[in-house]
Amino acid sequence: HAAYEAHGKVNLLARMRDWQGFDLSAAFSRETLALKSESFGHVDKYAIVGGPEWIATLARTLNPLFSIDVRHFTADSEDEAWEWIGAKPA
C-alpha cells in the first residue's frame, strides 16, 4: 500500500517459472478477490513473463475488460517486459 500512496499508480511484473498449474480455490477465495479488487485501481501496467501459452491468450482476451494494461511476454523477452513497464530489475 505504501507504493500506491507514494506513486498513485504502479506498474507490476510477474515472472512465471516452473509452472505447475494453480489452485482455483486459492485464486478465487474471498480474501484473494478482495485484495485484487482493492489493488486493481492502483495498477497501470501489468507484465506477465513466462508461463504456458494460454496465459498470453487469456491476457489478450481479458485486457479490454480492465483498466489495467496487461501484456504477456515470453521468458526470453523479460528485458522487453521491464522496458515496457519502465523499470529495471533490482
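Every number in this text was worked out from the coordinates using simple rules, so none of it is lab data. Remember, predicted model here, so these are calculated numbers, not experimental data. Virtual Cβ from ideal backbone geometry, glycine too; neighbours counted across all protein chains shown.
The table below gives the values:
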quantity	calculated
Whole-Hz couplings from phi, Karplus 6.51/-1.76/1.60, listed for segment 53-64; x for Gly and Pro	4, 5, 5, 4, 5, 4, 4, 5, 6, 7, 3, x
Radius 9 Å from Cβ of LYS45, net charge of other residues (Lys, Arg +1; Asp, Glu -1)	0
Under 12 Å, Cβ to Cβ, from ASP69 - net charge with Lys/Arg +1 and Asp/Glu -1	+3
Distance between modelled label sites at SER77 and ASN63, nm, 7 Å Cα→Cβ extension	0.9
